[in-house]
Amino acid sequence: MRLSSPLLLRILGFAFLAFFLIYWLPFSHALPDGLPMRFGTYRTIQASIACVWVLVALGLNILTGYNGQISLGHTAFVATGGYTAAILMADHGWPFWAVLIPAAVVSGALGLAVGIPALRLSGPYLAMATMALALAAPQVLKKYDGLTHGTQGISVRGDWSTAPGFIGDMVTQDQWSYFVALFLAVVMTLIAWNVIRGRVGRAFVAIRDSEVAAASMGINVPRYKTIAFAISAIFAGIAGAAYVQIVGYIAPESFNVLRSINFLTTIVVGGLASILGSILGAISFKMVDDISDFLPLGEGPMAEQVPWALYGGLLIVVVTIMPYGMAGAIRRFQMWLAFRKPSERRVALGGPALGIVAAIAVSELAGGSLGIIVGLVVALAITYSLWLPALVRGATRGYGRWVGALRGSRGPPGFVTSEDASDERSDAER
Amino acid sequence: MDELLQQVAAGLATGSIYGLLALALVLIYRSTTVINFAQGEMAMFTTFVAWTMLHWGTYWLVFILILLMAGGLGALIERVVIRPVEGAPTLNVIIVTLGLFAIFSNVATIVWGGQPQAFSHYPINDETVKLGAVVLSVHDLAIMLFAALIMIGLYVFFQYTPLGLAMRATAQNATASRLMGIRVGRMLTLGWALSASVGAVAGMFVAPIVLLQPPMMLAVLLYAFAAAVLGGLDSPFGAVVGGLIIGVTESLVGTYTPKEWLGPEMALTVTVFIIILVLVIRPTGIFGKRVLRRV
Amino acid sequence: MLAVRDVIAAYGPIVALHGISLEVQEGSIVTVLGANGAGKSSTLRAISGLLRPKEGAIEFEGRRIDRMSAEEIVALGISHVPEGRQLFSELTVLENLRLGAYSRFARAHGDGRRVHREDLSPLGRLRHDLFHAATGGIRDAAREIGQYRRRRRDFEAALNQVFEHFPILAERRKQMSGTLSGGEQQMLAIARGLMANPRLLLLDEPSMGLAPMVTQEIFRIIETINRTQGMTILLVEQNASLALDIAHRGYVLETGRIVLADTSENLQKDEAVRRSYLGY
Ligand SMILES: Nc1ncnc2c1ncn2[C@@H]1O[C@H](COP(=O)(O)OP(=O)(O)O)[C@@H](O)[C@H]1O
Ligand SMILES: [Mg+2]
């Protein structure tokens, strides 16, 4: 079997991924003392929360990306799932595995209940209505404190979060939480994948593209739109339960409107209507929190604000030059790759792969940040010669678009025509 | 009865602020079908600039300067970050405005700190005026006055000036507008400039009430969004009326619902659910156009 | 007056015009015939600046216009009455006509002083654009106030002239244009084009979707406009017999290429044209 064989590459890729997720992320903090927090359990928790966001993003992408219904209210579903789990665990002593189902069911039921009035709404009107949900959630949670413990929140750290039997001796609670979250993320990704590829998923997409056409094909539009809401809410509910299990605490303000809006950002940046996009978006979103660890900002407000200001700028740049998100950019890279010679393809893929190996190896020996830098350098060095023309072309294309728009004309010549044409079509439709 | 009147009047005052920011949202929405989520933060930012400028200028001078600067800021934003995503999916443009949101709110915190500041140079003092049974602060009256003036001004502008007409035309049919010789891009820029100025007025009036601080416009923006939606999104008039309705509803819900299970803390929740109810009955708002379903 | 030379134009990857050449003499009516999708509308769009040619040249009164924007071209005196009318359907008849006259004052000013941004250095362009962004609206407004009287007089004159051709529009001036009948809408579209006081009028399928009687009425008016005002007209039509009746010259377009060019009389006699476009 030759090295360029797609199967082998894929196996290697998955092996790396598995190694990275299952060993390196949770365990590699067994490193020399004196390393900053980010290489300790802190990073494990960060990774666990990234898994939770992946769950939310998957669900939201099913609703918004595949079914075309916008939601700015997903924190309400996450909070519902989270509170269901927390109340059952803290006040009724249920074990974590047992609360997953009720969390999913209660949140899913809320999703159904929201999905029905949502049938009448679309676009910004739906965005407003769902955002109202996210706004209301903390207030409701604070007000009816008999059930929810009000503003003080619910603390649920306990025995149940320790791994069972001999595993418990091998991993800490945080590591165990991470594995639980990772497991949920993997399982739910597979479920999402199945939903999307199946009959239901095709119905979702047909409805998104044209409700009238979908109805004329015999699809029960209201039913599937409501189902999309419910499925999406189930994902969010499970995410909420997982969140409680990781953080051990939930309060009304854990999920505010801004979070909700950020969820939407996540899937657009990752790529709408893409499972890979949901995952990438969620992880990169989580990374923003961690940027402050890597920038020399010290402590205090600067460390809080600067990453988010940068994040804002990055958002603008990303959606401008990658209109279909990270998943769209990867698709374009694959297209580009498909037209390369096999030898070139090998180098192009081998570079990043070797880079990952180098990163892991070096960080095991000398520490995380150095490993990441070395890995980057290796990856870049190997792929540099081959990627350069494409990188430059890609960058200048984005730049050209930008400059063209700045010029006040509607883009540079050649660009103008198709854009204007589409403009005209939408005008004519009005 | 007097109590009711008082509550309605108070609601109208806050409602005017929501209405102003809603108006700003609508000015952008109707030409680009984009909700500018950065609207509130832009207003907050310009209000902070005003606060800084008040150290050396008188209030009304600063007020005028800030309106102009806000207009410039709006125009600049349209040119530099919105124009490049013109023609991209609407969600992308919305994400760009969210990016602006993050930039403005965080940069403001970096520059001016997160501490609430008293917006104390405010010349319209806290004196109250008695109108029949209703007692209103001068500030509240000023808010309503300005909201009304801006409404009338914009109405005259859009209805009776060629430039306003050109802007309305651009919002309806961009290609045909170009054939008329209208510089569509410039109209969009102008729309953003106007919108930012109107938003800046809202910011100047919010700051004395809630103290000047980076998150001060967040709740106002959400209410304004609700107001704009309630009004139908492409109707400036509807936006202001929507704002007033929300202001009054909020005030009444806070006062007249049972404290044990609703009351003031739930005013927001009840209000937004009333809005949802309205939307379910009229899916494009009270003054919105009926949209035809397209194949 | 107008010369189109070897123009190639495309919508993204779809090439609509494969090298079109045509000429329009001052004072004449020239018609472009062709089936659906032949590229007739694209030709007009290329002339009016909505579709930028990839190659070739377009000259209007000796001036290259193929690199100009649509806004500049209408100010030079070319009015495009687009296919499907493209009225501002939620504005009144009068407001539509006002918008038709919008380009006039852009022409009355700027022209001599106008800086062509293409001639500037990149940095100069950036400054120019940013300056425009900040001041464009204000300047427009200031100009309007300054020229209010003259503008108003010119506008009233143009309005009266247009109402002479289309008296029905005078009656409907306060009506929302979307509520007009098809024929009235087409009349309004042409009237709106005339309000710019153009020297060349581009008409794209004025007969589209209209009853034969109404179509004839509109064609009669088009001919009158040409005869009485000496208006030069480039008329795109599928209704070949009507178009050739009023036109002086005609071009036949097939899949983005000119296949025939001759006087109307000769085209009416041409065997191929008769069979394909006149149907007898
Ligand atoms: N907006 C557009 N996008 C892509 N292709 C277009 C567009 N408009 C026209 N075309 C194509 O260009 C060709 C010429 O179209 P057009 O000029 O509208 O023809 P005509 O006006 O003669 O019917 C056709 O093949 C058509 O499919
Ligand atoms: Mg055509």
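So which residues in segment C:27-65 are away from ligand 1 (no atom under 16 Å from the Cβ) and basic (Lys, Arg), if there are any at all? It would help to see each step written out before you state the result.
Going residue by residue through segment C:27-65, those that are away from ligand 1 (no atom under 16 Å from the Cβ) are C:27-29, C:55, C:57, C:59-65.
C:ARG63, C:ARG64 - these are the residues of segment C:27-65 that are away from ligand 1 (no atom under 16 Å from the Cβ) and basic (Lys, Arg).
How about segment B:250-268: which of its residues are part of a helix (DSSP H, G or I) and under 15 Å from B:GLN7 (Cβ atoms)?
Scanning segment B:250-268 gives B:GLU250, B:SER251, B:LEU252, B:VAL253, B:GLY254, B:THR255, B:TYR256, B:PRO264, B:ALA267.
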Residue that is most open to solvent (accessible area, probe 1.4 Å) [pool: residues in segment A:207-231 that are more than 13 Å from every other protein chain (Cβ to nearest Cβ) and free of Cβ contacts under 8 Å to residues at least 40 places away in the same chain]: A:ARG223
Could you say whether any residue in segment C:53-74 is more than 9 Å from chain B (Cβ to nearest Cβ), assigned to a helix (DSSP H, G or I) and more than 16 Å from ligand 2 (Cβ to nearest atom)? no
Please indicate, with yes or no, whether at least one residue in segment C:86-95 is touching a residue at least 40 places away in the same chain (Cβ under 8 Å), out of contact with any His (no Cβ under 7 Å at 6 or more places or on another chain) and within 16 Å of ligand 1 (Cβ to nearest atom). yes
Of the residues that make up segment C:24-36, is at least one touching a His at 6+ places or on another chain (Cβ under 8 Å), closer than 29 Å to C:GLY279 by Cβ and either hydroxyl-bearing (Ser, Thr, Tyr) or within 16 Å of ligand 2 (Cβ to nearest atom) (or both)? yes
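Considering only residues that are within 21 Å of C:GLN147 (Cβ to Cβ) and open to solvent by less than 20 Å² (accessible area, probe 1.4 Å), look in segment B:171-185 and name the one that is farthest from the other protein chains (Cβ to nearest Cβ). Show your work before the answer.
Here is the first cut: in segment B:171-185, the ones within 21 Å of C:GLN147 (Cβ to Cβ) are B:177, B:180-183.
If we keep only those that are open to solvent by less than 20 Å² (accessible area, probe 1.4 Å) as well, we get B:177, B:180-182.
Values: B:SER177: 8, B:MET180: 5, B:GLY181: 3, B:ILE182: 6 Å.
The extreme case among them is B:SER177.
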Taking strands (runs of 3 or more DSSP E) that fall entirely within segment C:181-280, which contain at least 3 residues that are more than 16 Å from ligand 2 (Cβ to nearest atom) and away from chain B (no Cβ under 14 Å)? C:257-263
Looking at segment C:1-22, I want the residues that are over 25 Å from C:LEU76 (Cβ atoms) and have a partner that is within 16 Å of ligand 2 (Cβ to nearest atom) and not in a strand (DSSP E or B) with Cβ atoms under 7 Å, at least 6 apart or on another chain. Which pairs are those? C:GLY12/A:THR417; C:VAL15/C:GLY256; C:HIS18/C:GLY256
Which condition breaks for C:ARG45 when tested against (1) within 14 Å of another protein chain (Cβ to nearest Cβ); (2) open to solvent by 20 Å² or more (accessible area, probe 1.4 Å); (3) away from ligand 2 (no atom under 16 Å from the Cβ)? (3)
The number of residues in segment C:148-172 that are open to solvent by 20 Å² or more (accessible area, probe 1.4 Å), aliphatic (A, V, I, L, M) and in contact with a helix residue (DSSP H, G or I) (Cβ under 9 Å, 6 or more places away or on another chain) is 2
In segment C:3-21, what count of residues is obtained for those that are loosely packed, with under 15 Cβ neighbours inside 10 Å, at pLDDT below 95 and in a strand (DSSP E or B)? 1
Does any residue of segment C:6-14 turn out to be farther than 14 Å from C:LEU203 by Cα, near ligand 1 (Cβ under 10 Å from one of its atoms) and touching a strand residue (DSSP E or B) at 6+ places or on another chain (Cβ under 8 Å)? yes
Which condition number in (1) open to solvent by 10 Å² or more (accessible area, probe 1.4 Å); (2) touching a Leu at 6+ places or on another chain (Cβ under 6 Å); (3) within 11 Å of another protein chain (Cβ to nearest Cβ) is the one that B:TRP51 fails? (3)
Is one or more of the residues making up segment A:280-287 open to solvent by less than 20 Å² (accessible area, probe 1.4 Å), touching a His at 6+ places or on another chain (Cβ under 9 Å) and more than 23 Å from A:ILE87 (Cβ to Cβ)? no
Within segment C:22-42, can you find the residues that are more than 14 Å from chain A (Cβ to nearest Cβ) and not in a loop (DSSP other than H, G, I, E, B)? C:LEU22, C:GLU23, C:VAL24, C:ILE29, C:VAL30, C:THR31, C:VAL32, C:LEU33, C:GLY34, C:LYS40
Hey, B:VAL81 hits all of (1) in contact with a Leu (Cβ under 8 Å, 6 or more places away or on another chain); (2) within 8 Å of chain A (Cβ to nearest Cβ); (3) modelled with pLDDT under 90 but one; which does it fall short on? (3)
Do we find a residue being away from chain A (no Cβ under 12 Å), farther than 23 Å from B:THR32 by Cβ and open to solvent by less than 20 Å² (accessible area, probe 1.4 Å) anywhere in segment B:258-275? no
Cβ pairs under 7 Å, 6+ apart or interchain, first in segment C:208-232 and open to solvent by 70 Å² or more (accessible area, probe 1.4 Å), second among the charged types (D, E, K, R), ordered by first then second residue, are C:MET208/C:GLU83
Going through segment A:120-153 in order, the residues found to be more than 9 Å from every other protein chain (Cβ to nearest Cβ) and in a loop (DSSP other than H, G, I, E, B) are A:HIS149, A:GLY153
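The values are calculated or read from the model by the stated rules, or taken from the named source; none is laboratory data. Keep in mind it's a predicted model, so treat the numbers as computed, not measured. Here the Cβ is made from the backbone with ideal geometry for all residues, glycine too, and neighbour counts use every protein chain on show. Each accessible area value is taken on the protein alone, full model and side chains, heavy atoms only, with ligands, DNA and RNA left out. Shrake-Rupley method; radii C 1.70, N 1.55, O 1.52, S 1.80 Å.
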